[in-house]
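Please treat every number below as a calculation from the coordinates, not as lab data. For clarity, every value in this text was computed on a predicted model and none was experimentally measured. Positions of Cβ are backbone-derived with ideal geometry, glycine not excepted, and every protein chain shown enters the neighbour counts.
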Ligand code: HEM
């Protein structure tokens, strides 16, 4: 019998393409790129990302299979966000319902390395790719005074973002994944995009009432 070996990373990219296109044109991103994102929306989003990264780190650390792909550059990201918030004069606040739902989902899938990988993919490769464009745009939107508050986006102590993504993909491909696991990873990555969409929507509505 002829077995077709799917590439996990190619499948992840192909099967989240629509979700990625959609999140790129989310009103949060549109307002950011127009230089019109309310500061309160950015702060709310940073606050929500703190528990999300804590939950992601925790779930990955407890999963021997999924944690092998986690380079030091991608661990402990919540601490950077807390530092950035402090520079902005903000505390870590209280997570929104959307952030709580995201953390609950991470907890639900903690025993499934394929699903955890889908989450790690969405956040980590997103930070290493589009996150770099977003950092430059934040500096344009809020002025030079926020440059020191962008440590979350800064991977320079660990090498270039491109090299880190290449390494992530190589590590992820080194593990052998069954077709069913690849399906679950892609399914969960799409779910992670949707959870991220909710975070963005929540941060815009919180800015309206702020
Ligand atoms: C307007 C905002 C965004 C822009 C401009 C953007 C841009 C990009 C670009 C240019 C790449 C390709 C990089 C490369 O091929 O090396 C990329 C990849 C990626 N982005 Fe975004 N992105 C945005 C938002 C997001 C968000 C909010 C997420 C998830 C939370 C995300 C997740 C990803 C992922 C997972 C990849 C890796 C795709 C792959 O190669 O498999 N992006 N993004």
Starting from the Cα of residue 65, step 7 Å along the direction of its Cβ; do the same at residue 170; then give the gap between the two resulting points in nm. 2.3 nm
For the range 1-101: rounded, prolate or oblate by the Cα gyration tensor [a/c cutoff 1.5]: oblate
Here, residue 162 and residue 194, labelled 7 Å along Cα→Cβ, have an inter-label distance in nm of 3.5 nm
Angle in degrees between helix 179-209 and the longest Cα principal axis of the chain, rounded to the nearest 10: 10 degrees
If the chain between residue 6 and residue 107 were fully stretched, how many nm would it gain, using 0.36 nm times the residue separation less the Cα-Cα distance? 33.6 nm
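Can you figure out the FRET efficiency of residue 145 with residue 92, using R₀ = 22 Å and their beta-carbon distance, to the nearest 0.05?
In this case the efficiency is close to 0.60.
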In whole Å, what is the distance between the alpha-carbon centres of the range 165-208 and the range 59-132? 10 Å
In the range 8-209, how does Rg compare with the Kirkwood Rh, expressed as the Rg/Rh ratio over alpha carbon atoms? 0.94
Expected unfolding gain across residue 137-residue 24 under the 0.36 nm per residue rule, minus the alpha-carbon gap, is 39.3 nm
